[in-house]
1. Could you check the range 1-20 and list, in sequence order, the residues that are of a type in the set (Gly, Ala, Ser) and closer than 14 Å to Ala166 by Cβ?
2. Pull up the range 39-67, narrow it to residues that are in contact (Cβ under 8 Å) with a residue 40 or more places away in the chain and buried (at least 16 other Cβ atoms within 10 Å of the Cβ), then point me to the one that is nearest to the chain's Cα centre (by Cα).
3. If you scan the range 13-26, which residues turn out to be surrounded by 24 or more Cβ atoms within 10 Å (Cβ to Cβ) and either more than 18 Å from Asp146 (Cβ to Cβ) or not aromatic (Phe, Trp, Tyr) (or both)?
4. Does Trp182 qualify as being in a helix (DSSP H, G or I) and modelled with pLDDT under 90?
5. What is the residue count in the range 38-63 for residues that are over 14 Å from Val28 (Cβ atoms), out of contact with any Phe, Trp or Tyr (no Cβ under 9 Å at 6 or more places or on another chain) and either modelled with pLDDT under 95 or part of a helix (DSSP H, G or I) (or both)?
6. If the Cβ limit is 6 Å and pairs must be 6+ apart or interchain, which residue in the range 11-32 that is of a type in the set (A, V, I, L, M) pairs with which residue that is outside any helix (DSSP H, G or I)?
7. Any residue in the range 125-139 that's modelled with pLDDT of 85 or more: show its pairings with residues that are among the acidic types (Asp, Glu) and in a loop (DSSP other than H, G, I, E, B) at Cβ separation under 9 Å, as long as the two are six or more apart or on different chains.
8. Since Ser218 meets every condition but one in (1) modelled with pLDDT of 80 or more; (2) more than 30 Å from Gly15 (Cβ to Cβ), which condition does it not meet?
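The values are calculated or read from the model by the stated rules, or taken from the named source; none is laboratory data. In this text the structure is predicted, and so the values were computed from the model without any measurement. No Cβ is skipped: glycine too gets one built from the backbone with ideal geometry, and neighbour counts run over all protein chains shown.
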Amino acid sequence: MDDLTSTLALTLGAGWASGINLYAAVLVLGLLGASGNIDLPAGLAVLSDPLVIAAAGLMYCIEFFADKVPGVDSGWDTLHTFIRIPAGALLAAGAVGDIGPGAELAAGLVGGSLAAASHAAKAGTRVLINTSPEPFTNWTASIAEDVGVVGGMFLALTHPAVFLAALVVFLLLLVWLLPRLWRGIRRVFGAIVRFFRGERAGGAPPGGAPPGGGAAGSGPPSGGPPAPPSTG
């Protein structure tokens, strides 16, 4: 039972963490495996390779700074939609060890779904935070995410039952949060669209015609005094 709980916590934890900060998750697992503090499953043993640890460390440093610049963080999240979710599926599949191909496929599906859910929550929250001109909220959110991923992975490895209970709470909050994030994102993009439409509407009329509606030099304006009759 303990082995099953530990495997389940590592599987779900790898998927969940990948959606928030993939490189931190890989770095934690790789360092703990290389130092002998944990025995990684055969499917994740490659994470303790020095080259993998170095690559994860480099990418974590890049993400650490990119994730704290308003606007850049949302671009980074958009790019990583195509990286975090499949990586979460691969890590989750590798975490089940040699149980069998069916278990690996099931773990990959669940891990990828968890990565997608946590990634959507992170990216959506950042879009709303970036509507504020000050950067401090962005920094706080980024640091909290890093601490949460590292702490969550340690919890999954050392107290798997506690982690699984916390993950259930997270998923319940996510069910409540995601629709609100979606509505907030729609309002943000709606405001952007209205801004640009208003800017175009307030510009000069096409063709450079003056606001009066007539062509320049075409005679007296409509409603003016009539021209005097010809005496010739």
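1. Kept after step one, since they are of a type in the set (Gly, Ala, Ser), are these residues of the range 1-20: 6, 9, 13-15, 17-19.
Scanning the range 1-20 gives Ala9, Gly13, Ala17.
2. Asp67
3. Of everything in the range 13-26, those that are surrounded by 24 or more Cβ atoms within 10 Å (Cβ to Cβ) and either more than 18 Å from Asp146 (Cβ to Cβ) or not aromatic (Phe, Trp, Tyr) (or both) turn out to be Gly13, Ala14, Gly15, Ala17, Ser18, Gly19, Asn21, Leu22, Ala24, Ala25, Val26.
4. Numbers: in a helix (DSSP H, G or I): yes; modelled with pLDDT under 90: yes.
When the stated conditions are applied, Trp182 passes them.
5. Total satisfying the criteria: 9.
6. Short answer, once both residue conditions are applied: Leu32/Ile38.
7. Arg126/Asp67; Asn138/Asp67
8. Of everything listed in (1) modelled with pLDDT of 80 or more; (2) more than 30 Å from Gly15 (Cβ to Cβ), Ser218 misses just condition (1).
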